[in-house]
Amino acid sequence: MGLELEFKYALTGPGQLEELRQELEKAFGPWEAVEMETVYYDTPDQALAARHWTLRVRQENGRPVLTVKTPGPGRARGEWELPGGGLADLSQLQALGAPWEVTSLQPDQLLPRCGARFRRLRLLACLPDAVAELALDQGVLTGGGRDLPFWELEAERKGGSGEALAQWCRSLSEAWHLQEETRSKFARAASLIKT
């Protein structure tokens, strides 16, 4: 199983995002911009959401990426990705270790539930004892015919110590007075349907 370890912080708006962009660029180098458009899928009876599983197809600068996420130990989540994949390719994720309950689904058994459109700035940061992808996201979550703007910082471990990344994130959040975002983009977008 691929394990994702990620720390996420809500930002107050575009001003704070821009200030962080400048500071982090000074420390780690230039950002890469990626336009993201995500659709989250589930069965009509929401069997995936009931298990806290996420199935999405995300366009990254126009290229699809099929992803399944499941709860994992502590902060970690199970994550399986297939670049270039769409719903018709779900079975290919089984070879990567994704749960068969998801990989055996057919596209006609799935419905779009909610989504997100955002611009991501990302860079690879070499921290003391860890390597992380830092991302600054700005866009909208969509669900139930409603949009919710968001701004956030993500730090995802790509190598090294999870504790070292956690410590770096704690220091950054204290220095910038950042609020941890405990809900995923999917959870926040899905909540738009219910309210």
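Every read-out reported here was derived from the displayed coordinates using simple, explicitly stated rules and does not represent laboratory data. Predicted model, so just to flag it, every value in this text is computed and none were measured. Reconstructed Cβ throughout: ideal geometry from the backbone, glycine too, with neighbour counts over all protein chains shown.
Each of F186, F118 was scored by other Cβ atoms within 10 Å of its Cβ. Listed from fewest to most, they are F118, F186.
With N the number of residues in the stretch 1-61, Rg(Cα) / (2.2 N^0.38 Å) evaluates to 1.57. Couplings 3J(HN,Hα) for the stretch 150-162, derived from phi with the Karplus relation 6.51 cos²θ - 1.76 cosθ + 1.60 (θ = phi - 60°), are 8, 9, 7, 10, 10, 10, 10, 5, 10, x, x, 7, x Hz, where x marks Gly and Pro. Net charge dipole, the chain: roughly 340 debye, given to the nearest 20, about the Cα centre with Cβ charges of +1 for Lys and Arg and -1 for Asp and Glu.
With Cα atoms defining each centre, the stretch 55-132 and the stretch 141-195 are spaced 16 Å apart in the structure. The residue list L110, L123, W151 was ranked by how far each Cα lies along the charge dipole of the chain toward its positive end, using unit charges on Cβ atoms, and L110 comes out on top.
Cα-Cα over 19 Å: which of K8/K185; K69/K194; K8/K158?
Values: K8/K185 10 Å; K69/K194 22 Å; K8/K158 15 Å.
Pairs exceeding 19 Å: K69/K194.
With a ≥ b ≥ c taken as the square roots of the eigenvalues of the C-alpha gyration tensor of the stretch 83-195, please select rounded if a/c is under 1.5 and otherwise prolate if a/b is larger than b/c or oblate if it is not? Each step should come with its number before you reach the end.
Details: a/c = 2.50, a/b = 1.35, b/c = 1.85.
Verdict is oblate for the stretch 83-195.
Approximating the spin labels as points 7 Å out from Cα along Cα→Cβ, the R75-to-K194 distance works out to 2.5 nm.
Looking at the square roots a ≥ b ≥ c of the eigenvalues of the Cα gyration tensor of the stretch 61-111, which shape do they give, rounded for a/c under 1.5, prolate if a/b is larger than b/c, or oblate? Working shown, then result.
Working: a/c = 1.90, a/b = 1.31, b/c = 1.45.
Here the stretch 61-111 falls in the oblate category.
So how many Å³ per residue does the convex hull of the Cα atoms of the stretch 3-194 work out to? Write down the numbers at each step before the final one.
Details: hull volume 22.9 nm³, N = 192.
Enclosed volume per residue, from the Cα hull, is 119 Å³.
Rounded to the nearest 500, the helix-only mean residue ellipticity at 222 nm of the chain stands at -7000 deg cm²/dmol, with each DSSP H run of n ≥ 4 adding -39,500 (n - 2.57).
Note on L3/R146: beta-carbon distance plugged into 1/(1 + (r/R0)^6) with R0 of 30 Å gives a FRET efficiency of 0.35. Among H52, H177, sorting on how many other beta-carbon atoms sit within 10 Å of each Cβ, with the fewest leading, yields H177, H52. Label-to-label distance for K158 and S104 is 3.7 nm, based on points extended 7 Å past Cα in the beta-carbon direction.
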